[in-house]
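Enquirer: Here you go, one structure.
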Amino acid sequence: MISELEREKFRAICRAVLTERTAAEGGGIGTLNEKRMHIALKRFVCADESKYEIDMGKRFVADIKHDEEIFEIQTGSLYPLKAKLEHYLETSDCHVTVVHPLPMNKYRVWIDPATGESQPRRRVAGISTVFGGAHELVYISEALATGRVAVWFLFIEEEEYRFLDGRGKDKKIKSSRFERLPVDILDEAVFAEKSDFLALIPEGLGESFTTEEYRKAAKIPHSKHAYMALAALANIGIIEEAEKKGRARAWKIK
């Protein structure tokens, strides 16, 4: 649970990051930097800049290292972390926490790339539960199974800026994302112990369940994401295969 004090701390960091970058780059939306989300989250996790960007060998650099604890800030897919986590586990005794933001409240602003003019922001669908990010865990599930890697989901409010440079009449299909700006932090979910991952099994499921039953109970829009989430839970050791339901593969809690 995020306290009001932590929320104010995060909001202050977001304001500072925005001000610093625009002051350094001349101001205006056209000067925003793609790394701003990363910078804000890193400062929220650790204020001591001497702990930033620590060389871990073989061209791997830890975002934050404090004694034997490493924090990796990953704002996009968790897939790129797979090799990095394997390296940490093989070459150090460090415990690693992966910090991953999920946009609970999300607003989108469209920008005309020719003029730089922006439209008023509009709210779009966000990720309101842990199930919305569970599928990403499959990429690092083997590392999570060791007990030396944790995941810290931060549910945030963000503004996403996109260029009107895509296909279609409105130029929004396959458009380019310009920037994600963090605005506020609303909640958190930490998966540090094996038992924590039981929170990714929704209530209402029977003793055994299919991927489709899991998808519906967890309110996951895409079947592929439900399959990926279950694969992650199986790799971590939370669930195992059960007797099939008709032709459908079934799972049960170990």
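Enquirer: On full extension of the chain, what length is gained from R59 through E193, given 0.36 nm per residue of separation minus the C-alpha to C-alpha distance?
Expert: 45.3 nm
Enquirer: Report the residue, chosen from E207, E193, E53, that carries the largest GNM mean-square fluctuation when the chain is represented by alpha-carbon nodes joined by springs under 10 Å.
Expert: Result: E207 has the largest fluctuation of those listed.
Enquirer: Still on this model: What percentage of all Cα-Cα pairs in segment 74-154 are separated by more than 22 Å?
Expert: When every Cα pair of segment 74-154 is considered, 42 percent fall beyond 22 Å.
Enquirer: On average over all directions, what projected area in square nanometres does the chain have, based on the convex hull of its Cα atoms?
Expert: Mean projected area for the chain: 16.5 nm², to one decimal.
Enquirer: Let's see if you can work this out: charge +1 on each Lys and Arg Cβ, -1 on each Asp and Glu Cβ, no other charges. What is the dipole magnitude of the chain about its Cα centre, in debye to the nearest 20?
Expert: 1320 debye
Enquirer: For all pairs of alpha-carbon atoms in segment 138-254, what percent lies in each bin of width 5 Å, listed from the first bin to the last filled one?
Expert: Cα pair-distance distribution for segment 138-254, in percent: 2, 10, 15, 16, 15, 14, 11, 9, 7, 2, 0.
Enquirer: Calculate the FRET efficiency for T146 and R177 from the Cβ-Cβ distance with a Förster distance of 41 Å, rounded to the nearest 0.05.
Expert: Computed FRET efficiency for T146 and R177 comes out at 0.80.
Enquirer: Can you give me the % of accessible surface on segment 54-108 that is carbon or sulfur? Probe 1.4 Å, all protein chains present, nothing else counted.
Expert: 50 percent
Enquirer: Taking 22 Å as R0, compute the FRET efficiency from the Cβ-Cβ separation of K82 and Y52 and round it to 0.05.
Expert: Step by step, r from the Cβ atoms, then E = 0.50.
Enquirer: For K224, give me every one of the lysines with a C-alpha distance below 22 angstrom, ignoring sequence neighbours fewer than eight places off in its own chain.
Expert: K82, K174, K216, K244, K245, K252
Enquirer: Given C-alpha coordinates of segment 120-175, what is the ratio Rg to Rh with the Kirkwood estimate of Rh?
Expert: The Rg/Rh ratio comes out at 1.14.
Enquirer: Rounded, prolate or oblate for segment 33-86? Axes are the square roots of the Cα gyration tensor eigenvalues, ordered a ≥ b ≥ c, and the cut-off for rounded is a/c under 1.5.
Expert: Oblate, because a/c is 1.5 or more while a/b does not exceed b/c.
Enquirer: Write down the Å³ per residue value for the convex hull defined by the alpha carbon atoms of segment 1-146.
Expert: 160 Å³
Enquirer: Where only protein heavy atoms count, and the probe is 1.4 Å, what is the accessible area per residue for the chain in Å²?
Expert: 53 Å²
Enquirer: Between S92 and S223, what length comes free when the chain is fully extended (0.36 nm per residue of separation minus the Cα-Cα distance, one decimal in nm)?
Expert: Roughly 43.4 nm would be gained on extension.
The values are calculated or read from the model by the stated rules, or taken from the named source; none is laboratory data. Remember, predicted model here, so these are calculated numbers, not experimental data. A quick note on method: Cβ atoms are made from the backbone with ideal geometry, for glycine too, and the neighbour counts reach across all protein chains shown. Accessible surface is based on the protein model in full, side chains and every heavy atom, while ligands, DNA and RNA are left aside. Shrake-Rupley method; radii C 1.70, N 1.55, O 1.52, S 1.80 Å.
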